[in-house]
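As structure tokens, the structure follows; a few thoughts come after it.
The values are calculated or read from the model by the stated rules, or taken from the named source; none is laboratory data. These numbers were taken from a predicted model, which means no experiment stands behind them. Cβ atoms come from the backbone with ideal geometry, glycine included; neighbour counts cover every protein chain shown. Ligands, DNA and RNA are excluded from the accessible area calculation, which covers all protein heavy atoms including side chains. Shrake-Rupley method; radii C 1.70, N 1.55, O 1.52, S 1.80 Å.
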Amino acid sequence: MRVQIMGAGALGCLYGYIIHKAGYEVVFVARGKQFEALKRGLKVTGLVEDFVRVNVANKPCDAEMTFVTVKSYDTEYVARTLRNVDCGIVVSLQNGIGNEEVLSKYLERVLGGVTTYASNLVNYGCIEFAGVGETFVGRMDGEVDEDVLKVVKILRSSGIKAEAVEDIVKRKWIKAVINSVINPITALLKIRNGVILEVDELWRLALSVLREGEAVLRAMGFDVELKDVLKDVLVKTAKNKSSMLQDVERGKKTEIDFINGAIVKKAEELGIDTPYNKALLSLIKGLEVLRTTLKHLNEL
């Protein structure tokens with residue numbers, strides 16, 4: 001059984017590491033400095049202290065199972081490259097909305113996934129295993145077929161808490177709403193997740209953003225009440241850096257268009273106003289523009 005990790009960043013390396021340690025053949029597909037670092041090996045800190053030699057490639061290969069963990073804005077490029085190989089079952093463990101639809105334009109056997117496992121990229125070739133969570137896998141049409149069960153079996157046999165579900169679309173949207181609260185606030189203020197609960201002003205802001213997301217999900221037909229879910233996530237990941245904060249710190253593009261942007265777009269389709277989400281969307285995109293401008297000025 002060969003498992004391929006498309007996008008060997010923080011989360012991809014964590015999943016690849018766990019599956020590799022279970023005895024499966026794992027290929028980490030990376031590029032640039034991460035590719036060069038992983039050729040020397042993968043260091044894991046945090047909940048586990050380890051160093052392992054890994055199989056790393058800079059392009060996709062044939063595999064029975066492929067986990068896609070790239071940033072959402074790279075999904076189309078990855079889908080185009082994967083169609084040139086036999087990539088087997090394709091599981092998106094990405095943040096944001098719409099990745100499975102993009103992958104399905106080019107590939108067969110695409111599944112959706114949601115995970116609450118936490119990982120931070122400490123440096124090239126080094127990750128921090130920051131939290132054990134749960135992983136849910138399902139088809140976007142709700143059917144629990146052999147592919148879904150096979151993926152869950154591999155994850156469970158590797159020691160990952162995994163469950164096959166019929167409501168993966170709902171779970172993807174719920175995660176997007178939770179991320180729409182945590183990610184931009186932590187990225188803008190450069191704080192760890194738990195600070196949102198500690199500061200009254202930030203908690204009130206978080207609830208305002210959350211209510212907009214809840215309104216969108218209810219209009220979509222999902223019966224949700226997410227205040228306790230948000231609080232639970234913040235408590236369990238209190239010391240964790242959100243993926244968006246990690247992106248900002250590393251000077252990388254964020255996934256804001258696929259999180260708050262997706263909520264704003266869906267809200268407009270449904271006739272719902274989302275001023276808080278729009279504000280956070282504008283602030284993060286403004287931050288990206290300013291960062292690019294300042295970098296350009298510094299290079300002059």
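Can you give me the ranges of the helices (runs of 4 or more DSSP H) entirely in segment 202-300 with at least 3 residues that are more than 16 Å from ALA187 (Cα to Cα), in contact (Cβ under 8 Å) with a residue 24 or more places away in the chain and not acidic (Asp, Glu)? Break it down into steps so the answer makes sense when it comes.
Numbers: elements: 227-236, 243-249, 260-270, 275-299.
Hits in segment 202-300: 227-236, 260-270.
The residues listed here are VAL78, VAL44, VAL90; of these, the one that is open to solvent by less than 10 Å² (accessible area, probe 1.4 Å) and assigned to a helix (DSSP H, G or I) is VAL78.
I need the full set of residues from segment 93-102 which are open to solvent by 10 Å² or more (accessible area, probe 1.4 Å) and either of a type outside the set (S, T, N, Q) or more than 16 Å from LYS253 (Cβ to Cβ) (or both), in order please. Scanning segment 93-102 gives ILE97, GLY98, GLU101, VAL102.
Read through the list (1) open to solvent by 50 Å² or more (accessible area, probe 1.4 Å); (2) free of Cβ contacts under 8 Å to residues at least 40 places away in the same chain; (3) over 22 Å from ILE182 (Cβ atoms), then give the number of the only condition that LEU107 fails. Unmet condition: (1). Residues in segment 201-214: is at least one touching a Lys or Arg at 6+ places or on another chain (Cβ under 8 Å) and within 16 Å of ILE182 (Cα to Cα)? Yes, segment 201-214 contains at least one residue that is touching a Lys or Arg at 6+ places or on another chain (Cβ under 8 Å) and within 16 Å of ILE182 (Cα to Cα). Among residues of segment 139-159 being in contact with a strand residue (DSSP E or B) (Cβ under 6 Å, 6 or more places away or on another chain) and either assigned to a strand (DSSP E or B) or open to solvent by less than 40 Å² (accessible area, probe 1.4 Å) (or both), the one that is farthest from ASN183 (Cα to Cα) is ASP147. Screening GLY113 with (1) of a type outside the set (Lys, Arg); (2) closer than 17 Å to ASP167 by Cα; (3) assigned to a loop (DSSP other than H, G, I, E, B) gives one miss only, at (3). Among the numbered conditions (1) open to solvent by less than 50 Å² (accessible area, probe 1.4 Å); (2) out of contact with any Leu (no Cβ under 6 Å at 6 or more places or on another chain), the only one that THR186 does not meet is (2). With respect to (1) in contact with a strand residue (DSSP E or B) (Cβ under 9 Å, 6 or more places away or on another chain); (2) more than 21 Å from VAL264 (Cα to Cα); (3) of a type outside the set (Phe, Trp, Tyr), the lone exception for ILE174 is condition (2).
Go through segment 117-161 and give me each residue that's touching a residue at least 40 places away in the same chain (Cβ under 8 Å), touching a helix residue (DSSP H, G or I) at 6+ places or on another chain (Cβ under 7 Å) and not β-branched (Val, Ile, Thr). Result: TYR117, SER119, ASN120, LEU121, TYR124, GLY125, PHE129, GLY131, MET140, SER158, GLY159.
When segment 110-127 is filtered for residues that are modelled with pLDDT under 95, in contact with a Leu (Cβ under 8 Å, 6 or more places away or on another chain) and surrounded by fewer than 23 Cβ atoms within 10 Å (Cβ to Cβ), only TYR117 remains.
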